[in-house]
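As structure tokens, the structure follows; a few thoughts come after it.
The values are calculated or read from the model by the stated rules, or taken from the named source; none is laboratory data. A quick note: this is a predicted structure, and the numbers were derived from the prediction, not measured. Cβ placement follows ideal geometry from the backbone for every residue including glycine, while neighbour counts extend to all protein chains displayed. Each accessible area value is taken on the protein alone, full model and side chains, heavy atoms only, with ligands, DNA and RNA left out. Shrake-Rupley method; radii C 1.70, N 1.55, O 1.52, S 1.80 Å.
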Amino acid sequence: FRSNALQIFFAFISRIQEYINMSENGLSANEGIKQNSGFLRGTIGESLVDGQTFFGSESDQQLLKFHGLYQQDDRDLRAERKKAGQEKAYSFLVRIRVPGGIVSSSQWLEIDRLAGSYANGTIKLTTRQTFQFHGVIKSNLKQTVAEINKIGMVTFAVCGDVNRNVMCGALPSNAAVHSEIQRLAREISSHLTPQTKAYHEIWLDGEKIVDGGEEEPVYGKTYLPRKFKIAIAAPPANDVDAFANDLAFLAIIENGIVAGYNVAVGGGMGMSHGNEKTYPVLAREIGFCTAEQVVDIAEKAVLVQRDYGDRTERKHARLKYTIEDRGLEWFSSELERRIGYRLQPARKISFTGNGDRFGWTQDDAGLWHFCFFVQGGRLADSEKTSSRSAMRDIAKKHGGGFRLTPNGNLIIANISTEKREEIETVLRIHQISADGGGSALRLHSMSCVALPTCGLALAEAERYLPDLIGELEQTIAENGLEKEAITVRMTGCPNGCARPFLAEIGIVGKAPNRYNVYLGGGFSGQRLSKLYRESVPSSELKPLLAPLIARYAKERTEGERFGDFCIRNGVIAATERGADFHSNIADEAKVKR
């Protein structure tokens, strides 16, 4: 115990010294960490073999994120282990980059094997079309990453202050359109992947680069001020929540093919409770480009943010704030200066929803696709489900691969008519249905991981949302709304990983068992929500929401969505722009509060 206590004490002193050293010249501490990291190396390699169960250096913990790894501990066990004089139950989240969410059947089988060999036996599908392993211990990290690399996948650059996993629409009805946007997702991802060899040196035993023999042509030595997110949407579907991204390309589809893309910039979800200088923002369209121009535009947008983003205050470092401070016209002009031409005027576009299309769909090439709901995005085998085994059995029989959806669900893709019956048999054996036995409300729900492993979580999300949905489904059934979709999203903190500020009902952790409730988001992801109630105990969420749902059933107009209903009836005011997010709550809401 004394030995562990001394190790923790010296690690704490080291972190303080690091922050003092890294905060020179008014820059955030992370800027110094990147500057002195040797292109993302730090002392990760040395720490991997130091015999500890955790990385004691704050610098290494930050740099690990660039490699797709987050140091965590089981917060459910903290009190018990502290009482017993034990260190925290450390483990690591391992995130795998999957551009556009496309996975082959052979890769799936290996992902399944690794989840059982090194992680906690579950496969987490994220809201950015990536895989996550949870519960990987430090001594298994290098082997896990190396084996991921062997199947043609990487964990590199899926986290950290770089371009993250590039998303694209997963809805499968138009094969040619999906093939085109998926190709672009791969090209953007490859082009914006950092060039440092640190990942290969540390995890794959690659040859070390001598000092001075390395550079980052896009990112530079200090990379970006904060993360950067890119998505490609295929209207009328907005399953990627395009306007939540720093940069989005919205496909203009004419006669069944992509004629080009509208360019939208400046979106982002994260904020901080009690800090009105932070807020979510929707991206805005600035023009139209051809497919051949997309990758260059993506690079130049990243360069603008690299050069002008705020490196002094990380809470103000996303592209959305750069544009809010300097103006959309300024950004457009700077982007066009760098690409060397003017963007064409944006073309007319519309979206009909941001959910997934569940069940069987046949595309225009004659292939079938089956999309099914995955509660919390987590495939597992338990008393309630055998979804992990089901996908393993299908991957062994099926050569068409899978698509991870941006809503954390899964598509078994590219099934021939001859093969469909065999796939249906496996689904039936494992009792896998498209809707998971739930209502449209459940199908349009989404949550982040939150407790017990996320260090930022203030309240439950993944473990609690299914129960809340079950309670609300009673109200849904009583009012005949089982087939009416309402988007409900829950997160354990305001970072917005499940994009709750775009939901018609957003529930965001404020403290243990307490949530802020947001209403009025657009069903198609085209409008932000607004704060309706603060610090609502979990036990009061159903009593708060059930009367509104019942009222919606009785008073809505034909085809009216729940978020639109709340605004039309003065339950909540519409949010016009990001800075308006914290203000102008509707009078009725003020009275109720």
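Structure summary
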item: Nitroxide proxy distance, nm - points 7 Å out along Cα→Cβ at Ile137 and Gln86; result: 1.1
item: Amide N of the stretch 442-463 lying under 16 Å from the label point, which is placed 7 angstrom from the Cα of Asn569 along Cα→Cβ; result: none
item: Net +/- balance of residues flanking Val177 in space, Cβ distance below 10 Å, scoring K and R +1, D and E -1; result: -3
item: Volume in Å³ per residue [convex hull over Cα atoms, computed for the chain]; result: 158
item: Segment Ala176-Ser389, length gained on full extension (0.36 nm per residue, minus Cα span); result: 73.5 nm
item: Mean Cα-pair separation over length for the chain, i.e. relative contact order, pairs under 8 Å, 6 or more apart, %; result: 12
item: Residues with amide H under 5 Å from that of Asp381, placed H, sequence gap 5 or more; result: Arg388
item: Label-point gap, in nm, between Arg78 and Thr425 - each point 7 angstrom along Cα→Cβ; result: 5.1
item: Accessible surface, the stretch 385-489, averaged per residue in Å² (probe 1.4 Å); result: 38
item: Relative contact order (percent, whole number), the stretch 347-428, Cα cutoff 8 Å, 6+ residue spacing; result: 31
item: Efficiency of FRET between Ala511 and Glu418 - r from beta-carbon atoms, R0 51 angstrom, step 0.05; result: 0.40
item: GluC sites (Glu not before Pro) restricted to DSSP loop in the stretch 306-336 with at most 15 other C-beta within 10 Å; result: Glu313
item: Solitary cysteines of the chain, where the nearest other Cys Cβ is not under 4.7 Å; result: Cys159, Cys168, Cys289, Cys371, Cys454, Cys493, Cys566
item: In order through the stretch 392-401: 3J(HN,Hα) via Karplus (6.51 cos²θ - 1.76 cosθ + 1.60), integer Hz, x for Gly, Pro; result: 5, 4, 5, 4, 6, 9, 10, x, x, x
item: Percent accessible area from carbon and sulfur atoms, the chain, protein chains only, probe 1.4 Å; result: 49
item: Full-extension gain in nm, Glu540 to Asp325, via 0.36 nm per residue minus C-alpha separation; result: 73.5 nm
item: Protection proxy ranking, peptides 348-355, 67-74, 179-186, average beta carbon neighbours within 10 Å, highest first; result: 67-74, 179-186, 348-355
item: Debye log10 I(q)/I(0) for the stretch 175-310, one point scatterer per Cα, at q = 0.17, 0.22 Å⁻¹; result: -0.98, -1.30
item: Cα pair distances of the stretch 158-228 binned at 10 Å [whole percent]; result: 17, 36, 29, 14, 3, 0
item: For the stretch 34-120: accessible area per residue (Å², 1.4 Å); result: 41
item: Ordering of 569-577, 413-421, 79-87, 397-405 by packing [mean C-beta count within 10 Å, highest first]; result: 397-405, 569-577, 413-421, 79-87
